Amino acid sequence: MVTQGVGAKMLTALKKKFDQVVSVEEMDSGDAENLRLLDRHDLGITFTKIRCWTLTQYSKCVFLDADTMLISNADELFDREEFSAAPDAGWPDCFNSGVFVLKPSLETYSAILKHAADTGSFDGGDQGLLNTYFSDWATKDISKHLPFIYNMVASASYSYLPAYKKFGQNVKIIHFIGATKPWLVGFDSRGEPLVGNTESHTKSHLQLWWQIFSTEVKPLLVEHCEGGQTDYPFLRVEVGSNYSSNPPAPAAPPADSRGDWEKGSPDFTGTAAFNNILKKMDETLSAEK
């Protein structure tokens, strides 16, 4: 789906890759107060995504935000029912609306519009609106809870690194929520993203996005968008060759140190595992005897 903000040159390029490009009218929540609380005044326009319920030429759809990156086939999502989505990393009793399964229906579309008019959105964006409309998602049917691997926040490995080490190799869709969008990131001469102290796995995901863009997307845009580097500044970004196009592999578990314990971050799958602690206690007690 595209709005009138997408120019003719970009539309030509999109139609080369997508079976169907659907133009829809922009929608805005107009909820300045809640958007101010989020410090994200741009989110009001995300109401436009509810237009996906008007795509009645399809029996089922999987919606993906523009700041998601598919790194593995996820066709099995079409086996899920409406409304299926993954928990939000910030408030898990809410779903994140960056990836969800829906059944297009003009009746549902009208009902969501009425709900928007009557109730509004508690966050000023589409996520708050959809969470109140599909308000039983958290409690009614666990089969509609998509695993986090279908909507993994790119920075999640920072907050829960042990889980990333355990399950990261299974991730299928990465979501660049917040301000660190791949197309806004610059790179140094080594191909390292210029994002300050961002966690290393997030950097790897950013590099992967740019690897895909540079090899699969940029040549098409350059071909169809004459003067594109003027119209689209991100086409001028050059990345070094010091990275791979493969998804980042989980890091090996680190060895625990006293500092790790003092900081409250021991590796509970390695030397800090319960069985290893018991083993160490037994060895210590045996030595004392």
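Kindly state, to the nearest 0.05, the FRET efficiency for residue 23 paired with residue 166, given R0 = 30 Å and r defined as their beta-carbon distance.
Numbers: r = 43 Å, r/R0 = 1.43.
Efficiency at R0 = 30 Å is approximately 0.10.
For a quick check: with amide H placed at 1.01 Å from N, whose amide H comes under 5 Å from residue 27's, ignoring anything fewer than 5 positions away on the same chain?
48
A 22 angstrom limit on the alpha carbon distance is what I want to check against. Which of 49/203; 103/166; 15/49; 49/103; 165/203 exceed it? Before the final figure, lay out each step's value.
On the way: 49/203 28 Å; 103/166 33 Å; 15/49 20 Å; 49/103 14 Å; 165/203 16 Å.
Among 49/203; 103/166; 15/49; 49/103; 165/203, the Cα-Cα distance tops 22 Å for 49/203; 103/166.
At 7 Å along Cα-to-Cβ for each site, give me the label-to-label distance between residue 181 and residue 282 in nm.
Label at residue 181, label at residue 282, 5.6 nm between them.
Each reported figure results from applying straightforward, stated rules to the coordinates on display, with no laboratory input. Bear in mind the structure is a predicted one, so any value in this text is a computation, not a measurement. Virtual Cβ from ideal backbone geometry, glycine too; neighbours counted across all protein chains shown.
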